[in-house]
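A.B. asks: Take this structure, written in structure tokens, and hold onto it; I'll ask about it next.
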Amino acid sequence: MAARQLVDLPAVFTPLPHGLWDTVQHPTAAGPHWQQGITWIERCPAGDTTYDECLAVTGTGGPAPAPPSKTANVEQTSRGALPFTVYAEFECSPVGVAEAEQIASAALARVEQAQVETAFWTGVAGGQPIVFPHLAADTETVDGDIVLQTVATPVVTGGADIAQALGLLEQNLANCYAGQGLIHVPRSALPTLAAWNLATVVDGRLVTPAGNLIVAGTGYTGSGPDGTPAASGTAWIYATGAAWGYRSDPYVSRLRDSLDRTSNTIRMLAERTYLLGFECCHLAAHITLGVPTD
């Protein structure tokens, strides 16, 4: 066989837009200790209204009934989140691989977005249900008095059309959160959203008619809260309050430390640790995929 020239891959890898990490908030971490897990006090206010007890009732001239006593209407919950790590590893001959560290870094960059999204949707890392919190969940997980996982509450089941389902999802999200939240959808749902004019790019971000941000996860699976894959032609979508995340700097093993002398091969590793959380609301809807028929 004739010798062929070995060249660098000419293609440039470009991550897909509107993914999870692009959409969530990135608060500054106070040191690296978040990599052991975190807790916080979540405060989800319902609010209420009242009036002055001396107010007259319009049209009658009489006094209004005494207002009810003010009561606590801010739900306070101790919440927690656990970290997980995305990695890419490869083996090769030590001959002619001077760029092994760069190759490992590039490999991680190509897979980490999708792997983070799959872990955040399913709750699984390394084959174990260890990622908390995550989207597809029908059981609460508590560690002592700290809630690690909330239950995704379905607002519509049975594969509703996407306009109805999104409307119910956003109304319930507004009732729960009253601020800009996130609508999490698998990429298979994007053509349906576009066909119904339910997704618009505003300032480089994908938003719904109500103004919530759409997260179109490459790694989002579309499975239901119990983890069951959606039937063909359907998908589950989720809504949460604002979400945020921490991530570490990438770690890349050094070439000189990666030589396996027993097999005379290099085992190069690149990895990065993530932690994700969201506020207050956790809702789900089962939608039918497809374009309008009339």
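A.B. asks: Within the stretch 255-265, is even one residue buried (at least 17 other Cβ atoms within 10 Å of the Cβ) and under 20 Å from the mean Cα position of the chain (by Cα)?
C.D. replies: For the stretch 255-265, residues buried (at least 17 other Cβ atoms within 10 Å of the Cβ) and under 20 Å from the mean Cα position of the chain (by Cα): absent.
A.B. asks: Since Leu169 meets every condition but one in (1) surrounded by 19 or more Cβ atoms within 10 Å (Cβ to Cβ); (2) closer than 18 Å to Gly290 by Cα; (3) of a type in the set (A, V, I, L, M), which condition does it not meet?
C.D. replies: Among (1) surrounded by 19 or more Cβ atoms within 10 Å (Cβ to Cβ); (2) closer than 18 Å to Gly290 by Cα; (3) of a type in the set (A, V, I, L, M), Leu169 violates only (2).
A.B. asks: Of all residues in the stretch 119-138 being crowded, with 20+ Cβ neighbours inside 10 Å and of a type outside the set (A, V, I, L, M, F, W, C), which is nearest to the chain's Cα centre (by Cα)? Can you show your working first?
C.D. replies: Keep residues of the stretch 119-138 that are crowded, with 20+ Cβ neighbours inside 10 Å, which gives 119-121, 123, 125, 131-137.
Adding the requirement that they be of a type outside the set (A, V, I, L, M, F, W, C) leaves 123, 133-134.
Numbers: Gly123: 11, Pro133: 9, His134: 7 Å.
Going through the qualifying residues, I end up with His134.
A.B. asks: I've got another one for you. When the residues of the stretch 139-189 are filtered to those that are over 14 Å from Val215 (Cα atoms) and of a type in the set (Ser, Thr, Tyr), which remaining residue is nearest to the chain's Cα centre (by Cα)?
C.D. replies: Thr150
A.B. asks: Going by the conditions given, is Ala46 modelled with pLDDT of 80 or more and surrounded by 11 or more Cβ atoms within 10 Å (Cβ to Cβ)?
C.D. replies: Considered against the rule, which asks whether it is modelled with pLDDT of 80 or more and surrounded by 11 or more Cβ atoms within 10 Å (Cβ to Cβ), Ala46 comes out as yes.
A.B. asks: For residues in the stretch 240-287 being out of contact with any Leu (no Cβ under 6 Å at 6 or more places or on another chain), of a type in the set (Ser, Thr, Tyr) and modelled with pLDDT of 95 or more, which is nearest to Ala174 (Cα to Cα)?
C.D. replies: Here the answer is Tyr274.
Every residue, every condition in (1) free of Cβ contacts under 8 Å to residues at least 40 places away in the same chain; (2) part of a loop (DSSP other than H, G, I, E, B); (3) among the aliphatic types (A, V, I, L, M), yes or no:
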residue: Gly179; (1), (2), (3): no, yes, no
residue: Leu193; (1), (2), (3): yes, no, yes
residue: Asn197; (1), (2), (3): yes, yes, no
residue: Leu206; (1), (2), (3): no, no, yes
residue: Gly211; (1), (2), (3): yes, yes, no
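A.B. asks: Also, I was wondering about something else. Need pairs with beta-carbon distance below 8 Å; first residue closer than 18 Å to Glu271 by Cβ and within the stretch 88-103, second assigned to a loop (DSSP other than H, G, I, E, B) and modelled with pLDDT of 70 or more; sequence gap 6+ or separate chains.
C.D. replies: Sorted first by the residue in the stretch 88-103, then by its partner, the pairs are Glu101/Ser253; Glu101/Arg254.
A.B. asks: Please pick out the residue among Ala239, Ala216 that is in contact with a Lys or Arg (Cβ under 7 Å, 6 or more places away or on another chain), among the hydrophobic types (A, V, I, L, M, F, W, C), outside any helix (DSSP H, G or I) and surrounded by 14 or more Cβ atoms within 10 Å (Cβ to Cβ).
C.D. replies: Numbers: Ala239 fails: in contact with a Lys or Arg (Cβ under 7 Å, 6 or more places away or on another chain).
Only one candidate qualifies: Ala216.
A.B. asks: Still on this structure: Report yes if Leu190 is farther than 25 Å from Phe84 by Cβ, surrounded by fewer than 18 Cβ atoms within 10 Å (Cβ to Cβ), out of contact with any Cys (no Cβ under 7 Å at 6 or more places or on another chain) and not aromatic (Phe, Trp, Tyr), otherwise no.
C.D. replies: Working: farther than 25 Å from Phe84 by Cβ: yes; surrounded by fewer than 18 Cβ atoms within 10 Å (Cβ to Cβ): yes; out of contact with any Cys (no Cβ under 7 Å at 6 or more places or on another chain): yes; not aromatic (Phe, Trp, Tyr): yes.
Considered against the rule, which asks whether it is farther than 25 Å from Phe84 by Cβ, surrounded by fewer than 18 Cβ atoms within 10 Å (Cβ to Cβ), out of contact with any Cys (no Cβ under 7 Å at 6 or more places or on another chain) and not aromatic (Phe, Trp, Tyr), Leu190 comes out as yes.
A.B. asks: Sort through Val207, Val151, Val147 and tell me the only one that's surrounded by fewer than 20 Cβ atoms within 10 Å (Cβ to Cβ), farther than 21 Å from Gly245 by Cβ and of a type in the set (A, V, I, L, M, F, W, C). Please lay out each step first, then the result.
C.D. replies: On the way: Val207 fails: farther than 21 Å from Gly245 by Cβ; Val147 fails: farther than 21 Å from Gly245 by Cβ.
Being surrounded by fewer than 20 Cβ atoms within 10 Å (Cβ to Cβ), farther than 21 Å from Gly245 by Cβ and of a type in the set (A, V, I, L, M, F, W, C) holds for just one of Val207, Val151, Val147, which is Val151.
A.B. asks: Additional query: Name the residues in the stretch 1-39 that are among the hydrophobic types (A, V, I, L, M, F, W, C), within 18 Å of Leu182 (Cβ to Cβ) and out of contact with any helix residue (DSSP H, G or I) (no Cβ under 9 Å at 6 or more places or on another chain), would you? Outline the logic, then answer.
C.D. replies: First, the residues of the stretch 1-39 that are among the hydrophobic types (A, V, I, L, M, F, W, C): 1-3, 6-7, 9, 11-13, 16, 20-21, 24, 29-30, 34, 38.
Still in the running and within 18 Å of Leu182 (Cβ to Cβ): 16, 20-21, 24.
Residue satisfying the conditions is Val24 alone.
A.B. asks: List pairs: first in the stretch 35-56 and part of a helix (DSSP H, G or I), second surrounded by 10 or more Cβ atoms within 10 Å (Cβ to Cβ), Cβ under 7 Å, 6+ apart or cross-chain?
C.D. replies: If the second residue must be surrounded by 10 or more Cβ atoms within 10 Å (Cβ to Cβ), the pairs left are Gln35/Pro83; Gln35/Ser248; Gln35/Thr273.
A.B. asks: May I pose another question? Which members of the stretch 182-191 meet the condition of being part of a strand (DSSP E or B) and not β-branched (Val, Ile, Thr)? Don't jump to the end; show me each part of the working.
C.D. replies: From the stretch 182-191, those part of a strand (DSSP E or B) are 182-186; that's our starting set.
Listed by number, the residues that qualify are Leu182, His184, Pro186.
The values are calculated or read from the model by the stated rules, or taken from the named source; none is laboratory data. Since the structure is predicted, the reported quantities are computational estimates derived from the model, not experimental observations. Methodologically, a virtual Cβ is constructed for each residue, glycine included, from the backbone with ideal geometry; neighbour enumeration extends over all protein chains shown.
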